[in-house]
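See structure below.
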Amino acid sequence: MSGPVLRGERVLLRPLEPGDEPILRAAREDPSVADWWGAVEEGFPFTDFPAATRFAIVVDGEVAGLVQYAEEPDPDSRHAEIDVFLGPGHQGAGHGPDAMATLSRHLLEDRGHHRLTLSAAVGNDRAIRSYEKVGFRAVGVTEASWRDRHGTWRDEVLMERVVRP
Ligand SMILES: CC(C)(COP(=O)(O)OP(=O)(O)OC[C@H]1O[C@@H](n2cnc3c(N)ncnc32)[C@H](O)[C@@H]1OP(=O)(O)O)[C@@H](O)C(=O)NCCC(=O)NCCS
């Protein structure tokens with residue numbers, strides 16, 4: 001897979017490689033991630049696919065997680081949406097904000113976006129705090145917008161980071 005390699009303070013974001021799948025799948029299936037990302041869909045591709053461009057988050061040479069973006073191509077509503085997870089052994093050490101800041105910089109500076117969005121389930125306070133740390137702000141709560149792996153429809157905090165053109 002091709003694409004840029006992006007350097008953060010401690011993380012490196014690089015295109016996914018076929019060998020990443022077992023590590024990412026184990027991380028994605030861990031309850032600390034599945035609680036907020038939902039159950040792993042059948043055939044979840046640990047590769048790029050048309051709807052999302054994905055990067056491995058690498059810390060000290062080890063694959064720690066995944067960050068992805070999806071772009072709205074309509075020039076009149078152009079923006080990019082971001083999602084992220086770190087495996088259980090890599091959470092709580094500041095790598096999430098580092099990865100988000102690094103990808104945000106790429107989207108704003110290299111890909112010409114002025115508006116970045118994301119959603120976090122109400123209650124995922126660590127995620128919300130880590131996004132606030134890199135300049136996202138909560139703009140409201142969407143109701144019953146995401147069904148978790150236990151079948152419950154959950155509310156989500158919609159967040160955005162905007163550099164007004
Ligand atoms: C959410 C996630 C990306 C955050 O990355 P991280 O590197 O673990 O985050 P950090 O350790 O840097 O913590 C970020 C901030 O949240 C704070 N925080 C940690 N736990 C918290 C909690 N329970 N409530 C509120 N704030 C909390 C930290 O103190 C830190 O803020 P500070 O630097 O001002 O003290 C990562 O934990 C993760 O992937 N979790 C599992 C999957 C997930 O939730 N993905 C996001 C779905 S929207």
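The values are calculated or read from the model by the stated rules, or taken from the named source; none is laboratory data. Just so you know, these numbers come straight off a predicted model, no measurement behind them. Because the Cβ atoms are built from the backbone with ideal geometry, glycine has one as well, and the counts that use them run over all protein chains shown. The protein model used for the area step is the full one, side chains on, heavy atoms only, and it has no ligands, DNA or RNA in it. Shrake-Rupley method; radii C 1.70, N 1.55, O 1.52, S 1.80 Å.
Quick notes on this structure:
- Scanning the chain for GluC sites (Glu not before Pro) in DSSP loops with at most 15 neighbouring Cβ atoms within 10 Å leaves 43-165 as the longest stretch between them.
- Annotation: Val163 carries an accessible surface of approximately 80 Å², with a 1.4 Å probe and no ligand, DNA or RNA atoms counted.
- Amide H within-cut-off set for Arg149, under 5 Å, with H built and near neighbours excluded: Gly38, Ala39
- All other residues whose Cβ lies under 15 angstrom from that of Val122 are scored, Lys and Arg at +1 and Asp and Glu at -1, for a net of -3.
- Summed side-chain charge close to Ile23 - residues other than Ile23 whose Cβ falls under 15 Å, Lys, Arg +1, Asp, Glu -1: -3
- Remark: the chain carries 53 Å² of accessible area per residue (probe radius 1.4 Å; ligands, DNA and RNA excluded).
- Phi-based couplings in Hz for segment 74-81 (Karplus 6.51, -1.76, 1.60; Gly and Pro marked x): 4, x, 8, 9, 4, 6, 10, 10
- Those trypsin sites (Lys or Arg not before Pro) in segment 101-165 that DSSP places in a loop and that have at most 16 other beta carbons within 10 Å: Arg111, Arg149
- Estimated inter-spin distance, Arg164 and Ala138, nm [label 7 Å along Cα→Cβ]: 2.3
- Whole-percent carbon and sulfur share, accessible surface of segment 119-165, 1.4 Å: 45
- Segment 106-165 pair-distance distribution - Cα-Cα, 5 Å bins, rounded %: 4, 18, 24, 20, 15, 11, 5, 2, 0
- Net charge of neighbours whose Cβ lies under 14 Å from the Cβ of Arg147, counting Lys and Arg as +1 and Asp and Glu as -1: -4
- Seen from all directions on average, the chain presents a Cα convex hull projection of 9.6 nm².
- The slack in the chain from Val40 to Glu21, taken as 0.36 nm per residue of separation less the alpha-carbon distance, amounts to 5.5 nm.
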